[in-house]
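Enquirer: Below you'll find the structure I mean.
The values are calculated or read from the model by the stated rules, or taken from the named source; none is laboratory data. Predicted, not measured: the structure shown is a model, and the values here were computed from it. Don't worry about glycine lacking a Cβ; one is built from the backbone with ideal geometry, like all the others, and counts go over all protein chains shown.
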Ligand SMILES: [Zn+2]
Ligand SMILES: [Zn+2]
């Protein structure tokens with residue numbers, strides 16, 4: 001499934017267009033749901049997992065992308081995000 005978050009193939013944070021990785025916004029048991037619902041984003045290696053400013057090492061960046069993922073899901077689908085993903089990222 002094509003991303004519902006991004007139209008362009010560029011880093012979600014810095015707009016870089018090379019050195020890109022496809023990141024699943026929700027991983028673990030929800031990795032399949034990220035694929036199914038298009039909740040993926042492109043990130044340069046620096047913002048993916050190669051620095052303290054990356055989604056895999058900075059919990060705030062991770063949380064930010066998850067909130068954005070939930071908001072995009074909710075405006076795109078009629079299904080219940082919390083029922084499917086078993087968590088509400090807009091809280092806490
Ligand atoms: Zn970047
Ligand atoms: Zn990733």
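Enquirer: Can you tell me which residue is nearest to ligand 2 (Cβ to nearest atom) among those in the stretch 13-25 that are out of contact with any helix residue (DSSP H, G or I) (no Cβ under 7 Å at 6 or more places or on another chain) and assigned to a loop (DSSP other than H, G, I, E, B)? Spell out how you get there, then give the answer.
Expert: Here is the first cut: in the stretch 13-25, the ones out of contact with any helix residue (DSSP H, G or I) (no Cβ under 7 Å at 6 or more places or on another chain) are 15-18, 20, 22.
If we keep only those that are assigned to a loop (DSSP other than H, G, I, E, B) as well, we get 15-18.
On the way: 15: 18, 16: 16, 17: 18, 18: 17 Å.
It comes out as 16.
Enquirer: Select from the stretch 41-72 the residues that are part of a strand (DSSP E or B) and over 16 Å from residue 89 (Cβ atoms) and write down the one among them that is farthest from ligand 1 (Cβ to nearest atom).
Expert: Just the residues of the stretch 41-72 that are part of a strand (DSSP E or B), to begin with: 41-44.
Subsequent filtering for residues that are over 16 Å from residue 89 (Cβ atoms) retains 42-44.
Values: 42: 9, 43: 6, 44: 3 Å.
The residue in question is 42.
Enquirer: Could I ask something else about it? Could you list, ordered by first residue, the pairs with Cβ atoms under 7 Å in which the first is in the stretch 37-64 and at positive phi and the second is surrounded by 13 or more Cβ atoms within 10 Å (Cβ to Cβ) and modelled with pLDDT of 95 or more, at least 6 apart or interchain?
Expert: Close Cβ pairs satisfying both conditions: 38/3; 38/4.
Enquirer: Within the stretch 30-40, identify whether any single residue is in contact with a strand residue (DSSP E or B) (Cβ under 8 Å, 6 or more places away or on another chain), within 14 Å of ligand 2 (Cβ to nearest atom) and not in a helix (DSSP H, G or I), and answer yes or no.
Expert: The answer is yes, given that some residue of the stretch 30-40 is in contact with a strand residue (DSSP E or B) (Cβ under 8 Å, 6 or more places away or on another chain), within 14 Å of ligand 2 (Cβ to nearest atom) and not in a helix (DSSP H, G or I).
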